[in-house]
Amino acid sequence: MLPYLLKRLWHTVFVIIGISVISFFFIHLSGDPVMLMLPADASHQEIEALREQLGFNAPLYEQYFRFAFRAIQGDFGNSLYYKIPAMQLIIERLPASLELATAAMIIALVVAVPIGIISAVRRGSLLDMGSMLGALFGLSMPHFWLGIMLILLFSVQLGWLPTSGRGTLAHLIMPSLALGLSLTAMFARLTRSVMLEVLNLDYIRTARSKGLRERMVISKHALKNALIPIVTVAGMQFGFLLGGTVIIETVFAWPGVGRLVVQAIFNRDYPLVQSIVLVLALIFVAVNFLVDMLYMYLDPQINYFEDK
Amino acid sequence: MNVQALRNAQLFDKIEPRLRYAGETMREVARRPSALVGGVMLVLVLLISLGFPLFYPIDPLEQDLLARFTPPAWQDGGVWVHPLGTDNLGRDVLARLLHGSRVSLLVGFSAVLVAALAGIVLGLVSGYYGGRLDSIVMRIADVFMAYPFMLLTISVIAVLGTSIFNLILVLGLSDWVTYARTIRGSVLSLKEKEFVEASRAIGTPHRVIIFRHILPNVFSPLLVLGTLRVANIIIWESGLSFLGMGVPPPMPTWGRMLAEGRIYITDAWWLVTLPGVAIMITILAINLLGDGLRDALDPRLRNI
């Protein structure tokens, strides 16, 4: 197990280095990053001053190492617009985004897994066909549009829920539903197909033939194995959820990092954009690493010595 | 004449197996109702998107301030001159939707083409040659996988500027990983097969083995994947457009129509509803077709 862990850790370190390289270099894509950050009518002195302040006069590799070295110490530079450390802004906004993504993930799993199981067990029934058709619609709807439709229905027409902001549970309902819908659809389909596969396996027949009740067979025997791919995908999707918050937070004026990054882009606050991208990618990597660990726990059969 | 007939017959002999295979595949696809419905829907969407100037030659940018916020024709106050109503500047919503469809479809299909080309080459080469090259490509793929896609695209678009070309390039190049991984997986199992071994034994160059013998065999997973990804790319394009980072104005896009309509949500429901319906119909068609293709061509890919 230890060699596997070390290998996995080394992979993670490599990915983090890669991410830091991309995060660092993307603002150099246009040639001169200083021109991006200043208004078009900035004077020569202003340009030079900013270039000096951000250290853009040094060679690229030196800039990268300086950036990486600071980032390791948790120093992501200052936001040009807010004039305070980027990290401070991110830490202020991150809980809101994590709250939204977590709520969406919980909704998706709580709704989708039972639907997927029932669809698999009652394969071909009206319920199965109905829920799979529903899932297909769910996958075909852009989540921000669903958000707008929810606002139209529950805020504009019925006046039940607030259109924007954060604070109470009522504020959380629409954004998390909108963010979680396509995920719900995806998990329902995944759970169904995994369950169908598992239910055909020999050990399920054994469990049935020894007279276990169907309920037990499904919940104790089949579901436990079906959970493995679901957990993996859930981990992978968490990162995409964080990315998805970018639009949903804009729709619902949710004060998270997604909205912060969109505002930062329009404010030409690239050091802040860079920091947010880096932090979110790091969270994604960390979640994936944790999922891998969970995987080991869920499936003791996986051979962690294959590369030895 | 006779020589020509003989040559035709020879040619036909050569291409017949592939033709029959394609025909069988088509029948297999057509047997699935979902693929059939999706395929017909998609063809209709494409035909309408290409041919609408013939039957609806209205300028999507022409403003008529006296006819602002005209509701769709079936509602009170609606007129048949503007079947789906007008927006805040009195522009015809149907004309804007039709023009917007071209942007979405163009970006969707082109970005998938870019992603697939990059992914095919990297996947084939890294799967076939293996070794150090393979690990480098796969580690780079890991990095791309770890990057929240939306953030990657919006940050790059923000730096490069918005244009249809940048959009296609960025969406395409951020999405190569899925193709590379899928193809690499198929190549890994294919290269152990006898027909590859046989052609290697008679000294066929690697290049020929890769492109003539292996590539045609990874075509079905590629087709399935590509179809389903078009749907994702269209959703992403509309999202970027919604954020103001899509194709620059004045070109109407579905995403921008939603963003502009959102301000008038209390007065004009159609401005926020109809572009979404257009997106949903298009995506639904593609997803139905993709699902059907997957079931018909490669049941193992069910979980994508």
* Asked: How fast does the range B:88-242 diffuse by Stokes-Einstein, in µm²/s, taking the Kirkwood radius from C-alpha pairs at 10 °C and 1.306 mPa s?
  -> 93 µm²/s
* Percent relative contact order of chain B, based on C-alpha pairs within less than 8 angstrom and at least six residues apart? -> 24 percent
* Asked: Summing -39500 (n - 2.57) over the DSSP H runs of n ≥ 4 in chain B and dividing by its residue number, what mean residue ellipticity at 222 nm do you reach, to the nearest 500 deg cm²/dmol?
  -> -24000 deg cm²/dmol
* For A:Ala120, net neighbour charge (Lys/Arg +1, Asp/Glu -1) across residues whose Cβ lies under 12 Å away -> +2
* To do: Hey, could you grab the Kirkwood Rh for the range A:19-72? Inverse mean 1/r over distinct alpha carbon pairs, Å, one decimal.
  => 11.9 Å
* Ranking of B:Tyr179, B:Tyr56, A:Tyr61 by count of other Cβ atoms within 10 Å, fewest first -> A:Tyr61, B:Tyr56, B:Tyr179
* Asked: Mind checking which helices in chain B clear 30 Å along their axis (Cα) and have mean Kyte-Doolittle hydropathy of 1.0 or more, DSSP H runs only?
  -> B:33-55, B:93-129, B:219-242, B:269-297
* Asked: Hey, what number do you get for chain A at 222 nm if only DSSP H runs of n ≥ 4 count, each worth -39500 (n - 2.57), divided across all residues, to the nearest 500?
  -> -24000 deg cm²/dmol
* To do: Would you mind giving the mean number of other chain beta-carbons within 10 Å of the Cβ of each residue in B:235-241, as a whole number?
  => 4
* Structure fact -> Listing B:Thr182, B:Thr253, A:Thr184, A:Thr232 by rising number of other beta-carbon atoms within 10 angstrom, fewest first, gives A:Thr232, B:Thr182, A:Thr184, B:Thr253
* Structure fact -> Most exposed to least, judged by fewest other Cβ atoms within 10 Å, A:Ile84, A:Ile90 sort to A:Ile84, A:Ile90
* Sorted from largest down, what three extents in whole angstroms do the Cα atoms of chain B have along their principal axes? -> 77, 54, 35
* Normalised per residue, the volume of the convex hull around the Cα set of the protein assembly as shown (Å³) -> 226 Å³
* **Viscosity 0.890 mPa s, temperature 25 °C, Stokes-Einstein D of the range A:110-153 from Kirkwood C-alpha radius, µm²/s** => 212 µm²/s
* **Unit charges at the beta carbon, dipole of the protein assembly as shown: most positive-side option, B:Gly244, A:Ile91, A:Leu199** => A:Leu199
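Whole number please: convex hull volume per residue of the Cα set in chain A, in Å³?
Details: hull volume 53.0 nm³, N = 308.
Cα-based convex hull of chain A, divided per residue, equals 172 Å³.
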* Asked: Taking only C-alpha pairs under 8 Å that are 6+ residues apart, what is the relative contact order of chain A in percent?
  -> 26 percent
* Helix by helix through chain A, keep the DSSP H runs that span 30 Å or more along the axis on Cα and average at least -0.5 on Kyte-Doolittle, and give those back in order. => A:2-25, A:86-121, A:169-199, A:223-251, A:270-298
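No value in this document is a laboratory result; all are computed from the given coordinates. Everything numeric in this text was worked out from a predicted model, so none of it was measured. Note: ideal-geometry Cβ built from the backbone for every residue, glycine included; neighbour counts use all protein chains shown.
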